[in-house]
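A short worksheet on the structure shown next.
Read-outs throughout are calculated quantities, based only on the coordinates presented, and are distinct from any laboratory measurement. Remember, predicted model here, so these are calculated numbers, not experimental data. With ideal geometry, Cβ positions are generated from the backbone for all residues, glycine too; neighbour counts draw on all protein chains shown.
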Amino acid sequence: MPRVVIALCALGLCVPVAAADVVKLPKDSCEKPCLACANECLGCMKHCKEHKLEDTARMCEICHHSCLACALAVGNKNSEAWQLCESCEKTCLACAAMCAKGQSDQMKKCAAACRECAKACADARK
């Protein structure tokens, strides 16, 4: 009998049944701040590349993609939305800290948008 079950599972013919298939989803209140942050980070990334601030530019690019992924997942109620929302919060906090050290208005705006996005993501998971 165990060989039959293993063979069926190997062929993809048996599906494990979970006790509860409940997926935790964050509230969609973080979707707009994530999109705003993604746009701000994209602009900041370009600004940083122009001024040869490569580390900050890379951080802004990562944050840009993280925020876009979060907004898309939350908006579509994807099963990965919770994890992406957590990741977005952490990435935004790191990006905000890095951009806050800069002197330009672009970097200050980016830091503010990142802090707002991180707060929205944290609140969406409460």
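Could you size up the charge dipole of segment 27-124 around its Cα centre, putting +1 on the beta carbon of Lys and Arg and -1 on that of Asp and Glu, and report it in debye to the nearest 20?
Working: 13 positive and 13 negative charges, 42 e Å.
The calculated dipole for segment 27-124 is roughly 200 debye.
Of the trypsin sites (Lys or Arg not before Pro) found in segment 51-123, those that fall in a DSSP loop while having at most 13 other beta-carbon atoms within 10 Å are LYS52, LYS77, LYS101.
So if R0 is 30 Å, what FRET efficiency would GLU54 and VAL23 give, r being the distance between their Cβ atoms, rounded to the nearest 0.05? Before the final figure, lay out each step's value.
Working: r = 38 Å, r/R0 = 1.28.
Here the calculated transfer efficiency is 0.20.
For the cross-link pairs LYS46/LYS101; LYS77/LYS126; LYS32/LYS126; LYS27/LYS52; LYS49/LYS77; LYS46/LYS77, the ones whose C-alpha atoms lie over 28 Å apart are LYS27/LYS52; LYS49/LYS77; LYS46/LYS77.
Defining a contact as two alpha carbons under 8 Å apart and six or more residues distant in sequence, what relative contact order in percent does segment 81-126 show? Before the final figure, lay out the partial values.
On the way: 39 pairs, mean separation 22.2, N = 46.
It rounds to 48 percent for segment 81-126.
Each of MET107, MET59 has some number of other Cβ atoms within 10 Å of its Cβ, and from fewest to most they run MET107, MET59.
Computed over segment 27-124, the quotient of the alpha carbon radius of gyration and 2.2 N^0.38 Å is 0.99.
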